[in-house]
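These notes concern the structure reproduced below.
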Amino acid sequence: MKPPTGFFGAFYNVIGKPLQHLMVWIAGFFGGSTASGFGIAIIVITLAVRLILLPLMLNQQKNMTESQEKQRVLKPQLDIIQKQMKKPGITQEETLRLNAMMQEVYKKNGTSMIPSMGCLTMLIQLPIFSGLYQAVAYSPEISSSKFFGIALGQSSMVITIAATLLYFAQSMIMLQAYPKAQRKQMQTSAMLNPIMTFFFCMFYNAGLGLYFLAGGIIVLIQQAIVTYIITPNIRKRMDAEIAENPPVIVVDEHTFDEQAPETETTTTVAELTGDDQPAPASTAKQNRNAGKQRHHRDDH
């Protein structure tokens, strides 16, 4: 396959070619192409990249876990606001007011509406595995070599299945970090990694598949650390903090209660005499007194 031109050609010259030279150099320590040297070189490069990124990835996972735990604490207040948003006939002004209240819930409790997504490590890896694909595809020596009988220049079902199973196991461990009530909601997103891994490995060369296979081992270890060590420690710490400093209550179940309009009972002259004006208390008293005086004079 001829090297690309244009943008991809520039990318190949900057990333792909240096990775080719690095793979040739590493493979030399393992017997070159005749002893699966290039496949081992891909694994070594992958493990080196993943191990360098591991502290950053663990830190991002820690931040994401803390954000999720804060969301869990604020969920009762957020559910009340979201319930109001789903009411039929809600106006735009009411929607804006509810959004402002939701922002206030987050702000007063020291968190953000935008969760930490942890995309930085993926952006760092993107040029690496793209460069590895080019390094294998555009090097006749590497693409024609084999890794324990698997041609690196062609897709491999064995590597595809192995890599997919690793990411599937990682997803299953990740789900263990969520409460049982949320696991069903998270299953779809948890399956994205193994599905994407399957398609990448299936439709690209086995050299790239080895990158996902070796990377899956590190990802599996990383997820086990997050699920069984980092997450329980964060929950224990946050439970202690909440016990000492409870969350700020912005809304509760009574915030949106509708108050019944007050009713007033007024005695009017109209009810007594048919007039449209209310009867002053002093006038009514005078009328009663005059009636008593006329009755007294009649007796005499």
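Tabulated values for the structure
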quantity: Whole-number percent relative contact order across the stretch 6-244, with pairs defined as alpha carbons under 8 Å at least 6 apart; calculated: 26 percent
quantity: Restraint check, Lys86/Lys108; Lys62/Lys83; Lys17/Lys62; Lys62/Lys108, Cα-Cα greater than 28 Å; calculated: Lys62/Lys83; Lys17/Lys62
quantity: Projected label distance in nm at Arg237 and Gln182, using a 7 Å step from Cα toward the beta-carbon; calculated: 1.7 nm
quantity: Peptides 144-155, 243-254 ordered by average Cβ neighbours within 10 Å, highest first; calculated: 144-155, 243-254
quantity: Accessible surface, 1.4 Å probe, highest first, among residues Ser143, Ser189, Ser36; calculated: Ser189, Ser143, Ser36
quantity: In Hz, Karplus ³J(HN,Hα) per residue of the stretch 17-32 (6.51, -1.76, 1.60; θ = phi - 60°; x = Gly, Pro); calculated: 4, x, 5, 4, 4, 5, 5, 5, 5, 5, 4, x, 6, 10, x, x
quantity: Dipole of the stretch 6-244, positive direction: furthest Cα of Ser156, Gly28, Phe168, with charges on the beta-carbon; calculated: Phe168
quantity: Area accessible to solvent at Leu210, 1.4 Å probe radius, in Å²; calculated: 0 Å²
quantity: Listed peptides 234-240, 18-24 by packing density, highest first (mean Cβ within 10 Å); calculated: 18-24, 234-240
quantity: With all protein chains modelled, accessible area of Met196 [1.4 Å, Å²]; calculated: 100 Å²
quantity: At 0.692 mPa s and 37 °C, Stokes diffusion of the stretch 6-244 via Kirkwood alpha-carbon radius, µm² per second; calculated: 160 µm²/s
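The values are calculated or read from the model by the stated rules, or taken from the named source; none is laboratory data. None of the values given here were measured: they were computed from a predicted structure. FYI the Cβ positions are ideal-geometry reconstructions off the backbone, even for glycines, and counts take in every protein chain you see. Quick note on the areas: whole protein, heavy atoms, side chains included, nothing else; ligands and nucleic acids left out. Shrake-Rupley method; radii C 1.70, N 1.55, O 1.52, S 1.80 Å.
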